[in-house]
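Asks: Got a structure for you, questions after.
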Amino acid sequence: MSANSSQPVPLRVALISSHTSPLSIPGQGDAGGLNVQVLSLAVELVRMGHSVDIITRRTHREQPAVEVTAEGITVRALTAGPLAPVPKEDLPAVLTHMSERIAELGPYDIYHSHYWLSGVAALPVAESLNAPHILNLHTVAALKNQHLAPGDRPEPQSRIDAERSISERSELITGSERERHSLISDYHLQPARVHHISPGVDTALFRPALPRHPALLDAGPYVVTLGRVQPLKGQDLAVEILAALPKSVRPLLVIAGEPTPGNEAYAESLRGLAARLGVTDSVRFLPAQTREHAAQLLSGAELAIVPSHSETFGLVALEAAAAGTPVLAQRITGLAESVVSGVTGILFEGREPSVWAEKIASLLNDEASLVSLSTSARTAAESRSWPRHARRVSDVYLAALNR
């Protein structure tokens, strides 16, 4: 097929997400920013005239094998392994079966895998058809291992070897320059094959002055951390920051999200930490949020805290900015790009709770500065969009087809 970016050709595109369905609620199980990105990309590709199938693994009998979304995206849940959730570390055992099921769907013009497990399943199919294989790793194991939370287990060498192998045979898309640098330096990839395309944000959904979140109608001022609950996301730092704040300015801390499988003990430890630090009454735990409730939650917050030890990009930071809520994060990995210090929030050089608390107290006591940061955050986010993201991804597709 011949194509060029000035004359878009409708393509049949497979977006593969083996370990989590993009229809799942972010913050629940293994669902997170990847789910948002895959679904948002699919919506925009369909609007551009492409035919898009999202391919995932079927995890329960009630899950439809095929469903079509209101936007015209076909979601195919393939039976590979047990009809039950499988921990990510056990999924490699079903990938051969997943690959066979993908092959049965017939040829696609583009196979675009999200996360390394999807790449292991889809790359052999793409190669057998001489079709381009595009890969978003979303989390680079080598980079993640450089920024582990205390006590967190490093990713095994087998995953690093698999990521390197599939990356060498694919076109790569990264969400941040830091991720791109890691792939080039740690996996020795050709720079021309690694494309940095930042995620977008739905500025119509995530915006300032939304109605109050229904679970917080009785709450006063609050700060929020939103996402999967696990050591890598570092919600313990948010609790420690809260305890370091003077009682006179201490807001409510809302921790929204659910533990990833295997991290239930960490989630429970956050309650214990709050009790030991004497801030139990100032912490409220909420489950994973729908997109609409996530927007309300961020819009109503004074500040969003993203206490992660590492993020490939940190989509929630961009969503908070779009909601007009300044973000606090560590200057590390992708967060150094998703948060523009002094514009969309504040970046810290370390993880000392008292330093973060001092800045939070300063902002909460200075309404003019908080409003100014809120305004500049929203303005900066308005330059990021999913249509722009999808156009750039489509250009990568077309260039790969012309190679």
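Asks: Of the DSSP beta bridges with both residues in the chain, give the percent that are antiparallel, rounding to the nearest 5.
Replies: So the antiparallel bridges amount to about 10 percent of the total.
Asks: Working only with C-alpha atoms, what are the Rg and Dmax values of region 214-381, expressed in angstrom?
Replies: When restricted to the Cα atoms of region 214-381, Rg and Dmax are 14.4, 43 Å.
Asks: Moving on to the next point. With the crude spin-label approximation of a point 7 Å out along Cα→Cβ, what separation in nm comes out for V68 versus E168?
Replies: 4.3 nm
Asks: What spacing in nm lies between the two simple spin-label points modelled at L129 and S269, each 7 Å away from Cα in the Cβ direction?
Replies: Result: 4.4 nm between the two label points.
Asks: So what's the net charge close to S51: Lys and Arg +1, Asp and Glu -1, counting the other residues with Cβ under 13 Å from its Cβ?
Replies: 0
Asks: Looking at the chain, identify the longest residue range that excludes and avoids all GluC sites (Glu not before Pro) in DSSP loops having at most 14 other Cβ atoms within 10 Å.
Replies: Value returned for the longest uninterrupted segment is 72-348.
Asks: If you build the convex hull over the alpha carbons only and average its shadow over all orientations, what do you get for the chain? Give it in nm² to one decimal.
Replies: The directionally averaged projection comes out at 18.7 nm².
Asks: Please give the Cα centre distance for region 130-166 versus region 240-276, rounded to the nearest Å.
Replies: Cα centroid of region 130-166 versus Cα centroid of region 240-276: 29 Å apart.
Asks: Among the helices of the chain (complete DSSP H runs), which have Cα atoms covering no less than 15 Å along the helix axis and a Kyte-Doolittle mean of at least 1.0?
Replies: Span-like helices, by this rule, are 33-47, 116-128.
Asks: I've got another one for you. Fully extended, how many nm does the chain gain between R351 and D366 (0.36 nm per residue separation, minus their Cα-Cα distance)?
Replies: Stretched out fully, the R351 to D366 stretch lengthens by 3.1 nm.
Asks: For region 34-82, which trypsin sites (Lys or Arg not before Pro) are in a loop by DSSP, counting at most 13 other Cβ atoms within 10 Å?
Replies: Sparse-neighbourhood loop trypsin sites (Lys or Arg not before Pro): R61.
Asks: Still on this structure, please answer the following. Could you tell me the number of lysine pairs in the chain with C-alpha atoms less than 24 Å from each other, where the two lysines are 8 or more residues apart or belong to different chains?
Replies: 5
Read the figures in this text as sums done on the coordinates, not as results from a lab. All values derive from a computational prediction rather than experimental measurement. Here the Cβ is made from the backbone with ideal geometry for all residues, glycine too, and neighbour counts use every protein chain on show.
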